Every structure is written in structure tokens, then in C-alpha cells.
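Just so it is clear, none of the values below were taken in a lab; they were calculated from the coordinates. What you see is a predicted model; the values in this text were computed from it and never measured. With ideal geometry, Cβ positions are generated from the backbone for all residues, glycine too; neighbour counts draw on all protein chains shown.
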Amino acid sequence: SSHEYKLNFKKSKEMCLSYIQDAMLQKQWKRAAEFLTFYIESLEKDFSREYTSPSEVIWRIGTEILCHHSHSSMKEFNSFTEQMKTLGVKRYLKVCLEHTFHLLCNGLIDEAYRNLSLAESWRFGEQTVIQGKEMKLIKAYRGLLDYYSWSKQKNILLEHGQDGFEDLSVEQEMHGCFRKAAVNLKEIIKIPGVWDLFVKCYVDLLEFYGDHNEARQVLNEYAYNSKFPANPNAHVYLYQFLKRHGESKKSLISALKILHDIVPSHELMIDFNIMLQKSKKRKRRRLGLEVIFAVLDYAGWKENVKAWSCLARQVKQIVISEKHLDWIKQEWNSRKDWWPAFHFSRYLAKKNWQENESLSYEKALVAGILLGKDCKYFKYVSHHGCKTQAKRFRILKKFVNKHNPVYVRISG
Amino acid sequence: RDFNERCAQCSEVNWGLTDGGRFYCRSCHNVTEITREVVNTDFICNTRIQTISKGLRKQEKTDGGCEWYVCEGFQLILKKQAEALEALGVCPQMKDEVLCNFWRRYLQKTKQAYCNTTAGETVKALSVCDSSTDVDSEPERPSPLHLLSLSESEGDLQTDSSFASSISKVSESTSVCSGSVDGSLYLMKNRKEKLRMTMPMTLSFCYMALLWLREPMTLSDLLRFVAEGHIPYLNVFQHFPEKMKLYGFDLKIFCVESWPVYEEVYNKMLELAAFLDLPRFPDITDSCFLHPDMLSMKYLMEANLPDELHNWTCRVVKKICIGEADFLTLVPGNNSTRNVKYDVLAAAVIVVVLKLLFLLDDHYEWLLSDFAEERNKNNKEGGPYFEFKKWYKVIKCSLDVKQKKLDEERAKYLWRCEKLLFYSDKKKSKVLKRRQTVVNLQNQFGKLSGSVLPAEKPNPSSFQLSWSEENTDGSCFHGHSLKGILQEKCGLLTTMNPDYWLCTVKLCNEKMCGHLAHYGEVDFPQSYNFVIRLFSFLLRIQPSYIHDEVCVIEHKLFNKKLCKKPKYNTGLRK
């Protein structure tokens, strides 16, 4: 690389910054701090025409160093952050927020709360308006901390209740926290965004005080309002709420259906399949099959016995009834090119057999039906299974042999 | 006042000054042709006024400052720089006579065209020092004094009142924007005005003076001393007296945000020399430090190359006649000859010699080195033969270490100084607050830096790399012999290498293209790049400058061959 012998202020500071970054990447905090010391003078306005503000860079780098440096303390961090707040008015609330997060990560909840309250009361002309979003976040997090207090007090009350004590002051405080929390939480979840934690807490509050309607409305909004980004968790929360309140199967299913569309590999899909399999309605059972096949498309479920047993049960049930074989055919069509290698290789047969008999049992059934009795997987497992004299394997073998023609029909 | 000649007409010693700046005898009113424009390098903030033209110098401003002009600031700076150079060993003549006279001449030349035209009025910028308050009033030294600026129309006589009022008008309009009286005007001056003084130009002045005196300091040495802090440049304004307040436009003039660049300083120096109508500079002869024979010896030592190479460099110098005084000496204003950069020239000569001996095509030099190594095994008498490979290893190691250190130093460079500057009073509190924050943060993170001592200023040294023959590790190559790579032919030692490759087949037109050749590392052998990089580091200049010079030397050296054949390949037989 050619070395530039021209040096100006801007270039010198750029070089300094790259040294800082190198040191940070290599976790050499002392060295990073050393170079940062030389970088700091770039905060003073330079006399060249361009004026770039390095204060954000310094804030972020300084924070990083102070987080990791062995000699740094919370006190140092606080003093540094306070200076950063005064350095850039345009960034004031952002710095406050990050400061809060840091305090929370270090377990200093009260201090974090004080920090947020202080920030909430900040006013600075038009900056207050410009930083409106940050202000909303600050209020929201304070609401969250209020919820946390509420939660603690609730637990105290419950304990006392068990002991037979009554504590009026705690109860009143608790209600106070509820009010403060509810106001702020409600505000923030109005804005389109991902507010999982806030929603959960808010719903918890509403449920405790018996306002189920409001809770349902909140969850519906969160899940179905198109302005909000697609969020699988929203549907999970809704589902869980509906389940808690014993809502109809129909509503449960419609909630989970959307989840299936967004995240086919979600863990709730197992429950979903079980629910659908049991249904009397044909459409739902059909959906159930679709759901369970989709789950097993994902590598994370490959060795999950429960998933395989669901699929096995449903496939078995269909085969026995001799109705709706075309369902299996439809599902298998798009999978027959890659599932054999993905799930039913000889290597996997051996591995599954050695590690988890039940798994291999379920899988063997599915393999036997989908690929026929002569497929590698079924042959291996059934052979070894029968050797162990386990009854179920003998039954399995018989079953697959009996229904082998099915395979022919499916694979065609 | 200190003009003590006797009047030609009446033999009295009783002089006054006309408005036109000439001496006249008060007794017989004989006007002489002698003008008074001598400048002292001291700045004195004056309290009394000489009322030659009845000009008034405004007293203290509200903030305790006094009026000062931009050129007074530069004068101070030059003085500081000259003092620093004297401390480095430069002869005192430089400060007391040479630089002084150059500056005086510059002021003369520029003041003649220097004309403030606010609202159409011509104003004399005047600052006068009283001789009695002068510190150095020794008879031999140039006596203390004033700057006189002549207005455009010389015969213009101003009345007392109008002159006084015009001075104050200027002060009022400019003092808001700058601490100096003429700061804003200085920057707004007509572009056609040649050679407005700048910070880099102070170094051009210094170098010009050094060259005039043929001091043993090259321009690259000078600039290196500046970068190392031995010569004040960055933040030199902090040495201005308290009363010289700096703000507003002054900052644009006196505060630098970049290191001076070799080319810029050099070219300005040439412009300056021509502008001042200087005559031919004192001859650079072969006993001068700046002569390529001398300089190449120095660089050979610094590059840890065998002394024997010096014979070769002298031969090349002689062959292409670059050792002649006429070639080397600066003649200002002469645009026909290419001006000489002594340091670059000497370095380039060495590079050419290395190419002559070792070819440096990434192949031959290593073969030759192995060959020398073989011969070394049987070499019992005398010193060892020079092996390129060994030298390369030693130098590369040192160079990498030094380069890395230099890079870190440059990244750690601190540009601000204690003295705070601001554009206007409005910004003052903000700047102060900011400074406080900076100091706090520096302290905080300084503590976390571990026990790192602040980098000490290196002692000024002419040599950046030094090698001692007393080292038993064999890392010094000065005494090594070239016999290992030479052969005897007709009783003479010549190179074993019969080939040569030209860096460029054709030189570009410098005026059109800006360069004589184009250097790109990928286009040339690694060994060549290495050697260029070495000298680039020593001289602290872009590798392309050295490469350009190498091309020029090669073209001179192989001139005949180049002229003969219209087309040829880049390999040449010597």
C-alpha cells in the first residue's frame, strides 16, 4: 500500500479511528482507550470547510470501551454518559435510552427508573418535537418498569394473602403502578411496530383487572392490523389468550392458521395438527395433514418424535380408511424428490435406530407407506426392530406389507 | 531617526521623512532618494505614535488587544522559525540577515500593490514603532522600525483629519471580523494579486534562506523537522503576544489543518524567488552538502548500503553532468531549465545505480546475491562481499518497524493547543464548554489507557536510520565490498549485469500532465518498489516523485541509445 505523506486533520483522525476500530475488534481495550484519547479533540470544530460531527462516534466507541474495559466501573460509565448527553442535544433522548438499557443490564433498576423519569421531563424547544419518537419510547419503557413494580407488589400481596395478612398500602401502590403502566403501555402499542414485551405486559394487567374485552381488542389489533409488521408472536399471544379463556375451536384454529402461513415450523404447529386431526370437518383434517408435512420440511424437526408420531398417526388413519389417499399424494408430490434423502437415507436409518428407537419406529411407518416396503429406511429399521422381538415392529411390518399397494398409487 | 549620514548640501544631520517616505534634510529641505523601509523582526506593540503622516494608531481596544496587521503576525512566525533553525545549528546569519532581507523585500514588493479600497478610499496602513522603546538598537543591526506602505498614487497628500478618519473607518469595519486590522481584507484581496502570504509560504521563505546560505539541510529535512515539532508551524500563533488577539478571519489565515506538502512549499519558493527579483543564488559546488555527490553519500549511509557504491553514484553524476554548478544552482525566474530538488535527485541517482548493478527485476538481484554468497564462503581476506538478500532482510525489517511507528504517530497526532480560538465572541462560551468536555474525556480515557507514557519528541537528528559497524550481528553493510558482484574486464571492474530496463520509454510532458511519468506499484518489480519505498520513507515524499526523477536520469544516461533507435524494447544493453 502506498503511504500518503500528505497529512491533514481529517485524514489524521480517520487513521486514528481505524486504529480504534482495529483495537476494539481485537478486544484490546487499553489500546482502544489510548487511541480514543487522541481522537477526542476532533470534537472541537476544525477550521477546514467541512464539519463532521464525531460526537456520535465518540459516544458509541466510548460506551463500548467502558463496557468491556477491566478497570471501568459503573460510576465511570455514568459520568461519561452524562457528558455525552450535554454534548449533542440532538441525541439527548437516545443517549438517555441507551443509558437506561445499560443500567437495566446491570441490574440497577431504580436508577434506570430515575433516569427515565428525568428524561421524560426534558424539554428543549423544537428538539422536543423532533425527538418525539424517542420520547414515546422513554415513556413506554417507564411504563414497563411500572409494570415490573406492579408485578412485584402483586406477588407480595399474594404471599401475604396466603399468610392471611392484608396490606392496604401495598395494594394502593400496586394500583397506582397499574395506572401509570397502563397509560404508557397503551400509548406505545398504538404505533405500528413490534412491541411484544409491552403487549404481553399490558394484556397481563388487563386480565388481572378483568378487562378481557380490552385485552382481546388489543391482541386482535396487534395481530390483524395490516399497518403492523407481520409478527408471528402476535398470533401466538392471541392464541394463548383465546385458549386461556376457553374460546371456540373456530377462533383458535383461525388464529393458528395465520401462524402456519407465516411460520410453518412453529412449535405450536404440533398442537395445531393434533387439534385438526381430531376434527370432524374434512377441510380441517386436510389442513392438519398439510400442517404436519410442512413442519417436517424443516431441519429443526427432523429428530422430533412427537412430530413424526403425529404424521404417522394421520397417515395411518388415512390408509386404514382408504379414503383421501389423494391428500397424501398431493402432499407427497412436491416432496418425493428430496424427502427420501433428507429423512430416509440408510445413514439416517442407522443413526435413528441407534439413538432413538421410537423415532425410528414412527419414521419407518411413514417411510413404509410413502416409499414402499422395499425402501432402505423401512427395511433397515424393520429388520433390526423385528430382531429385538419388540411387538410393535412386527405389527408395523405387517401393516406396511399389507398396504404396500398404497405406495404404488401414491408414487404414481 | 537613525539615519546618520550627513546631508549632501548642508552637512547637517537633521532628517525627517516626507509623505512619500523619502528622507529630507530639515535644515535645507534637500530631498534624498533614500527611502526608509527596513524591517525589524521584532514586533513591538507601540504606545507612542510617530506622526509622520499624522496617522493615528488606535489605542487599546475593549478587550485589551491592540491593533495588528496580518504581516506582523507572519513576521513573528518567521522569527520563531528562524530561531528554531538556529537552535538546530543553522548559522545565525540566516535569521539576522538573509531571512530578514528576503522578508523586507517581500513587503516592499507587495506593499506597492497593497491597497485597501473600502468605500473607494485609499488608506495607508501604518504601524510605527518608536525607536526609544526598541530593544535592539545597536548600530550594526538594522534599526527598529516601521512599515511604510505607499499609496497607489504617490503624490496623494492627505489632510490630517481625513487620514485619521479613514484609518478608523477601516478599523471599525474589519475589527468585527478579525483580530487583526486587515484580516478580512487580506482574504478578500484580488486574486490576481500575486503571492499573498500563507503559512506554507513561511517554510518557503525559510528554505529559500537556507538555500541561499547553502546550509546542510534539504527541504525534506526541513519538513521533517516541522512534522516532528522542532520548528514551529502548527499552532505557532500561540506564541503571539497576549495583546495580539486572534479571531474571525485570522483563523483562516494562521490556523493550519494540514501538513505542508513538499511540492507546494518548493513551488512557492520558486515563485517567491522570481517575484522578489532575486539574482542567481550562490553556486552549489561539489563541496556543498546539497551537491549530489555529498547527499548521495549521506543517503547511502542511511540506507545501509556499501560505501563503494559512492564511486558509482559519482560516475553517474559526472556522466550526465548533473554535478555542474550551472545545473544545480537556482536561477530565479528561469523557466527553461527544470529546477533541482536536491534530495530527490540524490535518492534517484542511488536508485539508478542499484538498477545498474542489480537490475532489480525480481530475479537477477537474487541470483546475484546467491552468487555473492557463494563467493563469500571462500572469501577469507578483507571484508565480506555485499549480498542483496541479507541487506533486504535487514532493511525491510527496520523499515517496517519504523513505518508502523510513524503511522501510529500520525494517527495519534494532536492538532489543538492550549490556546483557544473562536470565530466570534458569540461562539466563545460554546467553544470553552466544548474544550472543557474534551479535556474531561481525555482524562477519563487517558486513565484507561494503562501506563502509556506520552510520546516524547524525538531528538532532532539528521539521520533517521543509523547503522553502526560495531554491531556484531552483521547488520551494517557500509564496509561491504561490491567485488562479489563485479567482474574484471580489461583491467576494470564492471558490473556483471549487462542489462537495464527503463522505467518508462517516453517521458510525459510535465506541463500538460503534471507528471513526467506515472508510477503504479503493480507495474513495476517488487524490488524496485521496495527501493523506491525506502527513499520515499526517508524523504517523506510520494514515491512517484522519486520515480519521476529516476526516469529523467535514465533518459539522460541512455540518451544516445534512446535517440538512435526510433523503436526499441525496454531491455537495453549498456
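Computed quantities for the displayed model
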{"quantity": "Relative packing of peptides A:400-411, B:547-558 - highest average C-beta neighbours within 10 Å first", "calculated": "B:547-558, A:400-411"}
{"quantity": "Two-decimal Rg/Rh across chain A, once Rg and the Kirkwood Rh are taken from alpha-carbon atoms", "calculated": "1.13"}
{"quantity": "Value of D in µm² per second that Stokes-Einstein yields for region A:92-191, Kirkwood Rh from Cα pairs, at 37 °C (0.692 mPa s)", "calculated": "225 µm²/s"}
{"quantity": "Residues with amide H under 5 Å from that of B:S178, placed H, sequence gap 5 or more", "calculated": "B:F249"}
{"quantity": "Cα centroid separation, region B:508-556 to region B:399-449 (Å)", "calculated": "35 Å"}
{"quantity": "Helix axis angle, A:168-188 relative to chain A longest principal axis, alpha carbon, degrees", "calculated": "80 degrees"}
{"quantity": "Segment B:V522-B:S466, extension gain: residue separation times 0.36 nm, minus the distance between their alpha carbons", "calculated": "17.1 nm"}
{"quantity": "³J(HN,Hα) computed for each position of region A:143-149 - Karplus, 6.51 cos²θ - 1.76 cosθ + 1.60, integer Hz, glycine/proline x", "calculated": "x, 4, 5, 5, 4, 4, 4"}
{"quantity": "Computed Rg/Rh of region A:187-318, alpha carbon atoms with Kirkwood Rh", "calculated": "1.02"}
{"quantity": "Approximate spin-label separation A:W122-A:L197, in nm, with each point projected 7 Å along Cα-to-Cβ", "calculated": "1.9 nm"}
{"quantity": "Burial ranking of peptide ranges A:304-316, A:322-334 (average Cβ count within 10 Å, highest at the top)", "calculated": "A:304-316, A:322-334"}
{"quantity": "Spin-label pair B:K404/A:R335, simplified geometry with 7 Å Cα→Cβ offset, distance in nm", "calculated": "5.8 nm"}
{"quantity": "Peptide-level mean, for A:79-88, of C-beta atoms on other protein chains within 10 Å", "calculated": "2"}
{"quantity": "Per-residue average of Cβ from other chains inside 10 Å of A:8-15", "calculated": "5"}
{"quantity": "Theoretical gain in end-to-end length, A:Q172 to A:N225 [0.36 nm per residue, Cα-Cα removed]", "calculated": "15.5 nm"}
{"quantity": "Two-site FRET efficiency, A:S321 against A:R244, from Cβ-Cβ distance with R₀ of 25 Å, rounded to 0.05", "calculated": "0.10"}
{"quantity": "Pairwise label distance in nanometres, A:D110 with B:D499, each label 7 Å out on the Cα-Cβ vector", "calculated": "8.3 nm"}
{"quantity": "Given charges at Cβ of Lys, Arg, Asp, Glu: chain A dipole, positive-most of A:L7, A:N333, A:I191", "calculated": "A:N333"}
{"quantity": "Estimated FRET transfer efficiency when R0 is 41 angstrom, pair B:L88-B:K109 (beta carbons, to 0.05)", "calculated": "0.90"}
{"quantity": "Within 10 Å of each Cβ in A:56-69, the average number of Cβ atoms from other chains", "calculated": "1"}
